[in-house]
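The structure under discussion appears below in the form of structure tokens.
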């Protein structure tokens, strides 16, 4: 496609997989039984992606309980009382807290990539968590015998390995999930925290060549969990110019659910680096209404007034179920929205003559 279109990541899990994950946590099924359920869910996810006509697919994060903590799920040196993230409907998510070092990933995104690629000939995208998000696991009062400087060095090595494993494993693209970027401005309006998070991510991005970075993108959104957000009330104009200092090849920007898209597009026009691809969100996962392909087309045509068509791509605003227990959106609605994205992008191509 002349205007590329890609998913962001997660797809709601089938009910049997959710039950299996709960049974595994309760100790009533073993890891082999859970893996069988996961394999079936991945196969079904890839098949349904192909039926939408999507040129790029993912495994739907079926095997991740959380898009954020998948690398460290189950490691011994974590306590449950970490940073609390409040959402607009009043519910919260709590991160774990690291209690000792050295920091090491227990799981790799490349394993999820491999499972999806074994089931399709389509291009496969892989989402990974940005190191900035995992840096929030380190407690503010430090860890005896494991200074923050050593933690950051270990984190950078692990994040690089996670991304490089996906590139070497044949990923069409690798996406760093940087959902805490907008949230950081609520926590620290001075932008000091945001600048620290961006600097950390750039340290990892700088370990890759320019050619490699053309396949690495960064995703931003105001969160999406149980049809609620954690930072949609934060002014995008305060975030986007800083976000575009990340030395990635592409940016995936939530826009479909944005209150004032034109204002956001104006900021993008004035700050998007030359030669970078902008994927705009054209479907809103937390809105149960399925967009029409004409509505998707019109969003692309709107964006083309601000950004050259050759620099545009489309995506979903965010994952449809970043946490496995989020059942607020059905698989059928998710794939209907993806179909609208794919078909609407094709209509936009035709209208723009690209």
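A compact table of results
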{"read-out": "Condition met for residue 140 (more than 20 Å from residue 252 (Cα to Cα) and either touching a helix residue (DSSP H, G or I) at 6+ places or on another chain (Cβ under 8 Å) or not in a helix (DSSP H, G or I) (or both))", "value": "yes"}
{"read-out": "Residue count for the range 309-337, restricted to those that are modelled with pLDDT of 95 or more and touching a strand residue (DSSP E or B) at 6+ places or on another chain (Cβ under 7 Å)", "value": "8"}
{"read-out": "Residue under evaluation residue 179, criteria (1) modelled with pLDDT under 95; (2) within 21 Å of the chain's Cα centre (by Cα); (3) more than 23 Å from residue 316 (Cβ to Cβ), criterion not met", "value": "(3)"}
{"read-out": "Pairs, first on the phi > 0 side of the Ramachandran plot and buried (at least 24 other Cβ atoms within 10 Å of the Cβ) in the range 54-68, second outside any loop (DSSP other than H, G, I, E, B) and at pLDDT below 95, C-beta under 6 Å, six or more apart", "value": "none"}
{"read-out": "Enumeration of residues in the range 211-226 that are closer than 25 Å to residue 11 by Cβ, out of contact with any helix residue (DSSP H, G or I) (no Cβ under 9 Å at 6 or more places or on another chain) and surrounded by fewer than 22 Cβ atoms within 10 Å (Cβ to Cβ)", "value": "226"}
{"read-out": "Selected residue (criterion: modelled with the highest pLDDT) from residues of the range 227-252 that are surrounded by fewer than 17 Cβ atoms within 10 Å (Cβ to Cβ) and in a loop (DSSP other than H, G, I, E, B)", "value": "245"}
{"read-out": "Residue tally, condition farther than 19 Å from residue 128 by Cβ, surrounded by 15 or more Cβ atoms within 10 Å (Cβ to Cβ) and touching a residue at least 40 places away in the same chain (Cβ under 8 Å), over the range 192-210", "value": "1"}
{"read-out": "Long-range neighbours under 7 Å by Cβ, at least six apart or interchain, first residue in contact (Cβ under 8 Å) with a residue 12 or more places away in the chain and on the phi < 0 side of the Ramachandran plot within the range 234-245, second surrounded by fewer than 19 Cβ atoms within 10 Å (Cβ to Cβ) and in a loop (DSSP other than H, G, I, E, B)", "value": "242/191; 244/273"}
{"read-out": "Residue ID - farthest from residue 220 (Cα to Cα), chosen from residues in the range 282-298 that are more than 21 Å from the chain's Cα centre (by Cα) and in a loop (DSSP other than H, G, I, E, B)", "value": "292"}
{"read-out": "Hey, residue 165 on the phi > 0 side of the Ramachandran plot and either part of a loop (DSSP other than H, G, I, E, B) or touching a residue at least 12 places away in the same chain (Cβ under 8 Å) (or both) or not", "value": "no"}
{"read-out": "Selection within the range 95-115 - buried (at least 20 other Cβ atoms within 10 Å of the Cβ), touching a helix residue (DSSP H, G or I) at 6+ places or on another chain (Cβ under 6 Å) and not in a loop (DSSP other than H, G, I, E, B)", "value": "98, 109, 110, 113"}
{"read-out": "Residues satisfying the stated conditions in the range 340-351, i.e. crowded, with 16+ Cβ neighbours inside 10 Å and either in contact with a strand residue (DSSP E or B) (Cβ under 9 Å, 6 or more places away or on another chain) or without any contact (Cβ under 8 Å) to a residue 24 or more places away in the chain (or both)", "value": "340, 341, 342, 344, 345, 346, 348"}
{"read-out": "Criterion (closer than 25 Å to residue 223 by Cβ and out of contact with any helix residue (DSSP H, G or I) (no Cβ under 7 Å at 6 or more places or on another chain)) met by exactly one of 121, 66", "value": "66"}
{"read-out": "Odd one out for residue 305 among (1) under 30 Å from residue 12 (Cα atoms); (2) modelled with pLDDT of 95 or more; (3) not in a helix (DSSP H, G or I)", "value": "(1)"}
{"read-out": "Candidate set from the range 261-274 (those that are assigned to a loop (DSSP other than H, G, I, E, B) and in contact (Cβ under 8 Å) with a residue 24 or more places away in the chain); member that is nearest to residue 314 (Cα to Cα)", "value": "272"}
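The values are calculated or read from the model by the stated rules, or taken from the named source; none is laboratory data. The model shown is predicted, which means the values in this text are computed figures rather than measured ones. Cβ atoms come from the backbone with ideal geometry, glycine included; neighbour counts cover every protein chain shown.
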